[in-house]
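Chemist: Can you read through this structure? Questions will come right after.
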Amino acid sequence: MRRSVHNDATRDKHARVSRRRKGECVFIIAPVGQDAETMAALLDAEGFETQICRRLDEYSGRITDGAGALLLTEEALESAQGSLLLDLLKAQPPWSELPLIILTSGGESRRVGLLNVAARAAGSVTLLERPISTLTLLRSVQVALRSRRRQYQVRDLVTQGANLNEMLEYRVRERTAELSAANKQLKNEIRRRKGLEGQILAVSDREQQRLGQELHDGLCQHLTAVAFMARSVATRLRNHRVIDADDVEKIAELVNNAASDTRNLSRALHRFDVDAASMVGALQDLVNREIWRVPCRLEVKPSFRIEDDTAAGHLYRIAREAVINANKHAQAREIIIQLERSPKGMVLRVADDGVGVPKERELRRGLGLHIMNYRAQLMGARLEIDSPKRGGTCVSCYLPDGAPRSVNTGDNGHRQETSISTGVPSAATQNFRHLRRRRAANR
């Protein structure tokens, strides 16, 4: 029977201990007599965690961080620890109002001034007149701990809100930095495109000058010579003189040369669509043109295959631009266009044996380089320009196998070349239209 009673008492004790929660310790300050020990024993028996404070300075940290309630007698306010206690209560964080349970002597206490000061410092005070019953003390402690739990919940919510606010501010700063970087990149792009507009206008002017010079120095000279020799033949016929057959053949030769020059000039100006099926043939026609000062040849490996018409058109125009640049600047003896397959996709290379790529950055900012790089980006390819150790320049365009296929169609359903949006003014557009109208009128 005694063993059963002992086991029941042990289970009750463990149950009371298990009900204890972190941050709910009741600190007891009672400097007179055995009041502290008596109240501690009573609360311990009911499962509350207690701590008797003989020296308040030793427990000031725990009272601030982990106290559930403060149980003290009014004599404690008059002791040497009273001022330290008031300082601790006044220094509480905004969310904290540590519950105070003060045992008074009853009636009109002579310590009413100190009680008012403690009430103002703590914010939550319960006064119990002695003698008090055990039930009253227990209920008062339970109410105080319940109030303290709500304060801890408020603290956790405040901490959570502060963390969320800090995270939000961090994300705002991060997003602001991203927007600033994007804005800077956009400004640079606008500045670059404005520069390209000026370069396009300059190229348009130079092309018109070149066209006029070629027409004057080539076709006009041939036609003038034809007119001169034809007039000479007409004079001889008018005077019934003998006509030399060599003169007529010379006229025919000059006419043929003029036609050849006109044909080459027309082919240089004419922009025709290149698709996957006609790409190799178009490149062969490109290298066979007689307008190049540097001999060109085409090398196509059997492994080269391309099916995307738009990508084929971009590759052709990249190769043409590279050949034009090599003829103008490379001072080369030969230009080679290579088409082959790499482990990751198709490769176009335009190599020469000239002076190589200029090291000065300004010389590498030409419009042709921007256009080639833009076309490579349109089809998901990568453009590289370097100078091999053996000399010369190599323009390489790598088209990966996973590049997305793109089809650009016009209003009539036919494929159209993707144009570079650089905001060319209408004057340049009118110049090109004027040239097209002149070609159409001469047909």
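The values are calculated or read from the model by the stated rules, or taken from the named source; none is laboratory data. Everything numeric in this text was worked out from a predicted model, so none of it was measured. Here the Cβ is made from the backbone with ideal geometry for all residues, glycine too, and neighbour counts use every protein chain on show.
Chemist: Any residue at all in region 214-222 that's aliphatic (A, V, I, L, M) and surrounded by fewer than 12 Cβ atoms within 10 Å (Cβ to Cβ)?
Modeler: Looking through region 214-222, none of the residues is aliphatic (A, V, I, L, M) and surrounded by fewer than 12 Cβ atoms within 10 Å (Cβ to Cβ).
Chemist: Then there is this: Taking the stated definitions as given, is Arg191 at pLDDT below 90, of a type in the set (Lys, Arg) and either assigned to a helix (DSSP H, G or I) or assigned by TED's automatic domain parsing to the domain that holds Lys90 (or both)?
Modeler: Numbers: at pLDDT below 90: yes; of a type in the set (Lys, Arg): yes; either assigned to a helix (DSSP H, G or I) or assigned by TED's automatic domain parsing to the domain that holds Lys90 (or both): yes.
Criteria met by Arg191.
Chemist: In region 129-144, which residues are within 20 Å of Asp35 (Cα to Cα) and surrounded by fewer than 17 Cβ atoms within 10 Å (Cβ to Cβ)?
Modeler: Of everything in region 129-144, those that are within 20 Å of Asp35 (Cα to Cα) and surrounded by fewer than 17 Cβ atoms within 10 Å (Cβ to Cβ) turn out to be Glu129, Arg130, Pro131, Ile132, Ser133, Thr134, Leu135, Thr136, Leu138, Arg139, Gln142.
Chemist: Check off (1) touching a Pro at 6+ places or on another chain (Cβ under 9 Å); (2) not in a helix (DSSP H, G or I) for His240 and give me the number that stays unchecked.
Modeler: (1)
Chemist: Which one of these is assigned by TED's automatic domain parsing to the domain that holds Leu115 and in contact with a Lys or Arg (Cβ under 8 Å, 6 or more places away or on another chain): Gly82, Gly61, Gly68?
Modeler: Gly68
Chemist: Tally time: how many residues in region 41-78 are among the small types (Gly, Ala, Ser) and surrounded by fewer than 20 Cβ atoms within 10 Å (Cβ to Cβ)?
Modeler: Here the count works out to 6.
Chemist: Looking at (1) modelled with pLDDT of 90 or more; (2) part of a loop (DSSP other than H, G, I, E, B), which is the one condition that is false for Leu339?
Modeler: Unmet for Leu339, out of (1) modelled with pLDDT of 90 or more; (2) part of a loop (DSSP other than H, G, I, E, B): (2).
Chemist: What's the total number of residues in region 322-336 that are in a strand (DSSP E or B) and in contact with a helix residue (DSSP H, G or I) (Cβ under 6 Å, 6 or more places away or on another chain)? First the steps, then the outcome.
Modeler: Of region 322-336, the ones in a strand (DSSP E or B) are 335-336.
When the remaining residues are screened for being in contact with a helix residue (DSSP H, G or I) (Cβ under 6 Å, 6 or more places away or on another chain), the result is 335.
Adding up the residues that qualify gives 1.
Chemist: Something else about it: Can we say Ala15 is modelled with pLDDT under 85 and either farther than 16 Å from Leu145 by Cβ or surrounded by 15 or more Cβ atoms within 10 Å (Cβ to Cβ) (or both)?
Modeler: It is true that Ala15 is modelled with pLDDT under 85 and either farther than 16 Å from Leu145 by Cβ or surrounded by 15 or more Cβ atoms within 10 Å (Cβ to Cβ) (or both).
Chemist: Let me ask another. I want to confirm something. Restricting to region 310-353 and keeping residues that are farther than 13 Å from Ser396 by Cβ and either of a type in the set (Val, Ile, Thr) or not assigned by TED's automatic domain parsing to the domain that holds Lys389 (or both), which single residue is surrounded by the most Cβ atoms within 10 Å (Cβ to Cβ)?
Modeler: Selected residue: Ile335.
Chemist: Oh, and also: For Leu84, are the conditions met, namely being among the aliphatic types (A, V, I, L, M), surrounded by 15 or more Cβ atoms within 10 Å (Cβ to Cβ) and within 19 Å of Phe27 (Cβ to Cβ)?
Modeler: no
Chemist: Show me the helices (runs of 4 or more DSSP H) found entirely inside region 33-110 where at least 3 residues are of a type in the set (Gly, Ala, Ser). It would help to see each step written out before you state the result.
Modeler: Details: elements: 35-45, 60-66, 75-78, 82-90.
Hits in region 33-110: 35-45, 60-66.
Chemist: If you go through region 275-290, how many residues are in contact with a helix residue (DSSP H, G or I) (Cβ under 7 Å, 6 or more places away or on another chain), over 14 Å from Leu348 (Cβ atoms) and surrounded by 12 or more Cβ atoms within 10 Å (Cβ to Cβ)?
Modeler: Summing the residues that are in contact with a helix residue (DSSP H, G or I) (Cβ under 7 Å, 6 or more places away or on another chain), over 14 Å from Leu348 (Cβ atoms) and surrounded by 12 or more Cβ atoms within 10 Å (Cβ to Cβ) in region 275-290 gives 2.
Chemist: Continuing with the same structure: So in region 369-402, with the set limited to residues that are of a type in the set (D, E, K, R) and surrounded by fewer than 19 Cβ atoms within 10 Å (Cβ to Cβ), which one is farthest from Lys328 (Cα to Cα)?
Modeler: The selected residue is Asp401.
Chemist: Here is a further query. Could we say that Val233 is surrounded by 10 or more Cβ atoms within 10 Å (Cβ to Cβ) and hydrophobic (A, V, I, L, M, F, W, C) here?
Modeler: yes
Chemist: Also, I was wondering about something else. Given the conditions (1) within 27 Å of Gly212 (Cβ to Cβ); (2) assigned by TED's automatic domain parsing to the domain that holds Thr393, and given that Leu298 satisfies all but one, which numbered condition is not satisfied?
Modeler: (1)
Chemist: Next up: Out of curiosity, is Leu201 in contact with a Leu (Cβ under 8 Å, 6 or more places away or on another chain) and within 30 Å of Ile324 (Cβ to Cβ)?
Modeler: no
Chemist: Could you check Glu74 against (1) over 60 Å from the mean Cα position of the chain (by Cα); (2) modelled with pLDDT under 80 and say which number it fails?
Modeler: The one condition Glu74 does not meet is (2).
Chemist: So, Val203, is that one at pLDDT 80 or above, aliphatic (A, V, I, L, M) and surrounded by 10 or more Cβ atoms within 10 Å (Cβ to Cβ) or not?
Modeler: no
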